[in-house]
C-alpha cells in the first residue's frame, strides 16, 4: 500500500460520514459539509482536498450501485476497489437503508390523492452516453453486486413506484379532460397480483389502451433492471399498447422515461437464470 492509498479504516470512516450527510440531505435537514470535513481531518489525518475528492469517489460508487448520492459531491471516477468494498460493507451493516419507508418520497398517500404528474424525459441513448471509462466502471459495479436483482427484490420500492405512476396516469388523463378514463385506470399488480405482464392498465387520451410495466430505482437513469420472460412476451404480443416506464432517482426526485417495444432497440437483454428440468 502506498502512502496515498486509503486504509480500510479510513475508508470506513469517510463512508460512514458520507451516509450521515446523505441521510440529512435526503430528509431536507441542514448540515455543514465543511464541518464534516474538518472532523474527518482530525480523525484520519487526511487533507481537506483529499477528503473532498474521496467524497466525490463515494458518489461515483453509489451511482454504480444504483443508489442516490449527494448532489454537491459530483461523482469522480477511477477510484480504488477498496472504496467500493467499504460502501458495500456499510450497506451490509445497515440493511434498512436499501428499502426503508423513510427514504421513499414523503407523503406518498397525499401524492396519490393530489395526483401530480411526473417528469418524463428521453430514454438513455448513444448520444447521451457518459464517457466509456465512466460507463465501464458503473456497469462493472452494477454487475458485481447485481443491482438489478436488488431493486427487483425491493418490494417497498417497487410498490411505491407503481403507486406513483398510477397517480401520474390519472392526473394526465384528468388534465386532458378525460376524467371518465382517469377513473378507470387500474393498478393490476396490486388488485390482481403479478403475472399479467404489466402493472397498470391505463389509457391514452383518445381511449386507446395503455399497458404499463413499471421499473423503479433510486439510482441513475442507466441503472440496469430485471424484466421477466412473461413481460417480454406481453410486450411482443401487445406491442401497440404495452410500454415500460422506468422511474429513477426515486428517493430524491422521481423522474421517468418510457420504452416502447421492441425493447431490444433500447437495451441489451441478457439471460441471468435458467429453468432446470430432469431428464
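Throughout, read-outs are computed from the coordinates displayed, never taken from laboratory work. Computed from a predicted structure; not experimentally measured. Note: ideal-geometry Cβ built from the backbone for every residue, glycine included; neighbour counts use all protein chains shown.
The distance from the alpha carbon centre of segment 1-77 to that of segment 115-154 is 22 Å, rounded to a whole number. Ellipticity at 222 nm from helices only: DSSP H runs of n ≥ 4 in the chain, each -39500 (n - 2.57), divided by the residue count, give -14000 deg cm²/dmol. Quick one: plug the Kirkwood hydrodynamic radius of segment 8-98 (C-alpha pairs) into Stokes-Einstein at 20 °C, 1.002 mPa s, and report D in µm²/s. The calculation lands on 163 µm²/s. Subtracting the Cα-Cα distance of residue 144 and residue 128 from their residue separation scaled by 0.36 nm leaves 3.3 nm. A Gaussian network model of the chain, with springs between Cα atoms under 10 Å, assigns the largest mean-square fluctuation among 125, 117, 84 to 125. Inter-label distance, residue 4 to residue 260: 5.0 nm, where each label sits 7 Å from its Cα along the C-beta direction.
Applying 0.36 nm per residue to the separation of residue 117 and residue 208 and subtracting their alpha-carbon distance, the gain on full extension is 30.8 nm. Counted residue by residue at 0.36 nm each, then reduced by the alpha carbon distance between them, the extension gain from residue 253 to residue 180 reaches 23.3 nm.
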